[in-house]
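Below: one structure, written as structure tokens.
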Amino acid sequence: MHRGHITKQGSTLVRWAAIEAVQLLPATTPILGPTKTRVGARRGTNIGKVAVARKLLTFVFHALRDGQARALCAAA
């Protein structure tokens, strides 16, 4: 569920690290890569990076909360 942009209330270091991680992300990554390409083409490269960084942070949040990482690829 999408609940808005990355807020500026949190840690600037975490936001920076997420954006840096996304910049190194190849377009062939199963879920995050196509999102970055699709949103980047429609709304601009930087907005695409922030959208994928938010999605990445959501995966990290759920992994920390549940104690297990969910698969980043589509179910086979």
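Sort 5, 62 so that the residue with the fewest other Cβ atoms within 10 Å of its own Cβ comes first and the one with the most comes last. Mind showing how you got there, number by number?
Details: 5 10, 62 13.
Neighbour counts put them in this order, fewest first: 5, 62.
Peptides 48-55, 19-26 ordered by packing proxy, namely the average of other Cβ atoms within 10 Å per residue, highest first: 48-55, 19-26.
Residue separation times 0.36 nm, minus the C-alpha to C-alpha distance between residue 23 and residue 43: what's the value? Numbers along the way, then the final one.
Working: separation 20, 0.36 × 20 = 7.20 nm, distance 1.64 nm.
Extending this stretch completely gives an extra 5.6 nm.
Can you compute the FRET efficiency between residue 31 and residue 11 using 1/(1 + (r/R0)^6), with r the Cβ-Cβ distance and R0 = 25 Å? Round to the nearest 0.05. Walk me through the numbers on the way to the answer.
On the way: r = 24 Å, r/R0 = 0.97.
The calculated FRET efficiency here is 0.55.
Label the range 12-66 by shape, choosing from rounded, prolate and oblate, from the square roots a ≥ b ≥ c of the eigenvalues of the Cα gyration tensor; if a/c is under 1.5 it is rounded, and otherwise prolate applies when a/b is larger than b/c, oblate when it is not.
Working: a/c = 2.02, a/b = 1.47, b/c = 1.37.
Note, shape of the range 12-66 comes out prolate.
Among 58, 35, the ranking by other beta carbons within 10 Å of each residue's beta carbon, starting with the fewest, stands as 58, 35.
Taken together, the values in this text are just the output of simple stated rules run on the coordinates, not laboratory data. What you see is a predicted model; the values in this text were computed from it and never measured. Cβ coordinates were reconstructed from backbone atoms using ideal geometry, including for glycine residues, and neighbour counts include every protein chain displayed.
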